1. Inside the range 61-81, can you point out the residues that are surrounded by 12 or more Cβ atoms within 10 Å (Cβ to Cβ) and part of a helix (DSSP H, G or I)?
2. Which one of the conditions (1) exposed (fewer than 12 other Cβ atoms within 10 Å of the Cβ); (2) modelled with pLDDT of 75 or more does Ser102 fail to meet, given that it meets all the rest?
3. Examine the range 88-98 for a residue that is touching a residue at least 60 places away in the same chain (Cβ under 8 Å) and either under 14 Å from Arg109 (Cα atoms) or open to solvent by 60 Å² or more (accessible area, probe 1.4 Å) (or both), and state whether such a residue exists.
4. Would you be able to tell me the number of residues in the range 169-205 that are part of a helix (DSSP H, G or I) and either open to solvent by 80 Å² or more (accessible area, probe 1.4 Å) or of a type outside the set (Val, Ile, Thr) (or both)?
5. Out of (1) in a helix (DSSP H, G or I); (2) open to solvent by 50 Å² or more (accessible area, probe 1.4 Å); (3) more than 30 Å from Leu130 (Cβ to Cβ), what's the single condition that is false for Phe217?
6. Can you tell me which residues in the range 152-168 are in a helix (DSSP H, G or I) and open to solvent by less than 40 Å² (accessible area, probe 1.4 Å)?
7. Only one of these is assigned to a helix (DSSP H, G or I) and at pLDDT 65 or above: Leu271, Leu228. Name it.
Amino acid sequence: MSTSFSTWQARFEKLRSNKFFETFVIAIIVISALVIGARTYDEVSRFEQWLGVLDMAVTVFFLVEILIRMAAEPRLRDFFKKGWNIFDFLIVTASLIPMDESEMVLLARLLRIFRVLRLVSMIPELQMLLSALIKSIPRMGYVALLMFIIFYIYAAIGSFLFHTVDEQLWGNIALAMLTLFQVATFESWATAVLYPTMEHFPYAWIYFLTFIFLNAFIFLNMMIGIVLDVMQKESAQMALDSGEGEEAEIQGLRSDVRELRAQLDRMESALTKRDTNSPQ
C-alpha cells in the first residue's frame with residue numbers, strides 16, 4: 001500500500017513539475033479570463049450556454065489540477081505551508097460556487113474574476129514582482145506621508161491665496177488638495193488651473209512649478225527608486241535560491257554516482273572472491 005502510494009505520488013510530482021503541464025495550466029487561466037471578459041458583451045449573449053459549459057469545464061480542470069498538486073506532496077500539510085498554494089486553493093474553492101441561483105450569480109462571477117490572479121502563482125517572475133511590491137510598501141509609506149505633508153501645506157496656501165479665483169477649485173483645503181492632485185497628474189492642469197489663476201495672480205506659476213518639481217520629479221522618483229531597490233534584492237535572492245536548488249541537484253547526482261560505484265565495487269569484489277574459491 002505504501003509502495004503504491006509512493007509510486008502515484010512520484011507520478012503526480014513528475015506531472016506537476018512538467019513544463020508542458022505548467023504551460024497548459026497557464027493557457028487555461030488565460031482562457032478563463034477571456035471567458036469572463038466575453039460575458040461583459042451583449043453580442044455574445046446568444047452563446048451564454050456554451051460559455052457556461054466552458055466555464056464549468058475550466059472549473060473542473062482547476063479542481064483536478066489543484067488535487068494533483070496536493071497529491072504530489074509527500075504529506076498533505078506540506079501543501080498548505082506555502083502561501084501561494086493556500087491562495088490557489090482558496091481561489092479554486094471559491095470557483096465551485098454555483099452560478100444557477102440568482103442571488104449567488106453576482107458573487108460567483110466576482111470570485112471567478114480572481115482566477116486571473118493564479119497567473120502570479122504559476123509564474124515565478126510575477127511572484128518576485130508582487131513580493132517586491134509588497135515589501136516596498138512600508139518604505140513607500142514614509143514617502144507618501146511626506147508627500148501628504150507637502151500636499152497639505154500647498155493646499156492650505158492655495159486655499160488662502162486663490163479662493164477668490166474659483167471656489168470649486170480652491171474653496172477649502174479639501175478641494176485644494178483635489179486640485180493639486182490634478183496638477184500632480186498633469187491632467188489638463190495648465191488650461192483648467194494654471195492660466196485662470198495667473199490672470200489674477202501673475203506670479204502663481206512659481207507656486208505650481210515648485211509643487212510639480214517636488215512631487216512629480218523628486219517624490220515620484222523616490223518611489224521608483226524604492227521599488228527598483230527591492231526588486232533588485234528579490235531578483236538576487238531568487239537567483240540565489242535557484243543556485244541552491246541546482247547545487248542540491250548536483251550533490252544528489254554525486255551521491256547517486258558514489259552509491260553506484262560502491263555497488264560496482266561490491267559486485268567486483270564478489271566476483272573476484274568467487275573466482276578465487278572456484279576449483280581449478
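1. Phe61, Phe62, Leu63, Glu65, Ile66, Leu67, Ile68, Arg69, Met70, Ala71, Asp78, Phe79
2. (2)
3. No, there is no match, as no residue in the range 88-98 is touching a residue at least 60 places away in the same chain (Cβ under 8 Å) and either under 14 Å from Arg109 (Cα atoms) or open to solvent by 60 Å² or more (accessible area, probe 1.4 Å) (or both).
4. Total satisfying the criteria: 23.
5. (3)
6. Passing the criteria: Tyr154, Ala155, Ala156, Gly158, Ser159, Phe162.
7. Values: Leu271 fails: at pLDDT 65 or above.
Only one candidate passes the filter, namely Leu228.
The values are calculated or read from the model by the stated rules, or taken from the named source; none is laboratory data. A quick note: this is a predicted structure, and the numbers were derived from the prediction, not measured. A quick note on method: Cβ atoms are made from the backbone with ideal geometry, for glycine too, and the neighbour counts reach across all protein chains shown. Note: areas computed on protein heavy atoms with side chains; ligands, DNA, RNA excluded. Shrake-Rupley method; radii C 1.70, N 1.55, O 1.52, S 1.80 Å.
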